[in-house]
Amino acid sequence: MNILIRKISENDCNDIWKIEKDCFSDHHSKDSFRRELNNPLCAILAAFDENIPVGFINVWFVAGELTINNIAVIEKYRRQGIAEKLINAALELYPQTESAMLEVRASNAAAQKLYEKLDFIKVGVRKSYYSDPKEDALLMTKTIGGKK
Ligand SMILES: CC(C)(COP(=O)(O)OP(=O)(O)OC[C@H]1O[C@@H](n2cnc3c(N)ncnc32)[C@H](O)[C@@H]1OP(=O)(O)O)[C@@H](O)C(=O)NCCC(=O)NCCS
């Protein structure tokens, strides 16, 4: 398997949105991907296998802080290091990153394991943050400044 990671273009939006829809009960709209593409603070990177997107990450970079808004890998491609590669590619895209943060559903053990493997730590809880189904978010952060 030869996975290539690159920024997505308008042409990829449909495929990326299908991944989002398959992976999340409370998924964002197709239009929101197009809007995000035009947001200068946002980057959406996808992992491609033979030109087919199999996972993506959506991040914002503001004042030294990288926020991971969303990350997903289609089921067939999971546990092959793709999410790890996507997070590392986002960090490489913004080498000035001093810290990274994200929210994750309290029940999402797989994602929490992923973030812990990459040295994110749990720093707080946002009560009833998610809908469909309603659930708390755990806030996780990673400090990068000073390590590079
Ligand atoms: C969470 C998700 C993105 C992980 O993607 P992935 O490509 O399978 O993750 P990776 O293969 O890069 O895993 C890296 C590490 O994360 C941890 N991990 C990932 N999935 C795991 C699982 N199901 N159970 C336990 N640990 C897991 C492991 O430590 C793994 O390293 P290892 O395989 O060497 O043990 C994927 O499961 C997914 O898309 N889930 C649905 C969407 C979602 O929940 N997104 C997160 C929103 S906050």
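The values are calculated or read from the model by the stated rules, or taken from the named source; none is laboratory data. Since the structure is predicted, the reported quantities are computational estimates derived from the model, not experimental observations. Using ideal geometry, Cβ is built from the backbone for each residue, glycine included, and neighbour counts are taken over all protein chains shown. With ligands, DNA and RNA removed, areas are computed over all heavy atoms of the protein, side chains included. Shrake-Rupley method; radii C 1.70, N 1.55, O 1.52, S 1.80 Å.
Data table
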| read-out | value |
| --- | --- |
| Filter result (open to solvent by 60 Å² or more (accessible area, probe 1.4 Å) and in a helix (DSSP H, G or I)) within segment 80-108 | LYS85, ASN88, GLU92, LEU93 |
| Residue count, segment 119-143 (criterion: at positive phi and either among the acidic types (Asp, Glu) or within 11 Å of the ligand (Cβ to nearest atom) (or both)) | 2 |
| Matching residues in segment 130-146 - criterion: being surrounded by 16 or more Cβ atoms within 10 Å (Cβ to Cβ) and assigned to a loop (DSSP other than H, G, I, E, B) | ILE144 |
| Filtered residues of segment 60-115 (kept if within 21 Å of ILE8 (Cβ to Cβ) and basic (Lys, Arg)) | LYS76, ARG78, LYS85 |
| Yes/no for ASN70 being under 17 Å from GLN112 (Cα atoms) and either away from the ligand (no atom under 14 Å from the Cβ) or open to solvent by 30 Å² or more (accessible area, probe 1.4 Å) (or both) | no |
| Whichever residue in segment 114-129 is under 14 Å from the mean Cα position of the chain (by Cα) and not hydroxyl-bearing (Ser, Thr, Tyr) and, among such residues, is most open to solvent (accessible area, probe 1.4 Å) | LEU114 |
| GLU116, sole failed condition from (1) within 10 Å of the ligand (Cβ to nearest atom); (2) closer than 22 Å to HIS27 by Cα; (3) among the acidic types (Asp, Glu) | (2) |
| Segment 7-52 - residue that is of a type in the set (D, E, K, R) and open to solvent by less than 60 Å² (accessible area, probe 1.4 Å) and, of those, modelled with the lowest pLDDT | ASP26 |
| Conditions (1) hydrophobic (A, V, I, L, M, F, W, C); (2) out of contact with any helix residue (DSSP H, G or I) (no Cβ under 8 Å at 6 or more places or on another chain); (3) modelled with pLDDT under 95; (4) farther than 27 Å from GLN112 by Cβ: number failed by LEU4 | (3) |
| Subset of segment 1-16 (residues that are within 16 Å of the chain's Cα centre (by Cα) and over 20 Å from LYS76 (Cβ atoms)) | ARG6, LYS7, CYS13 |
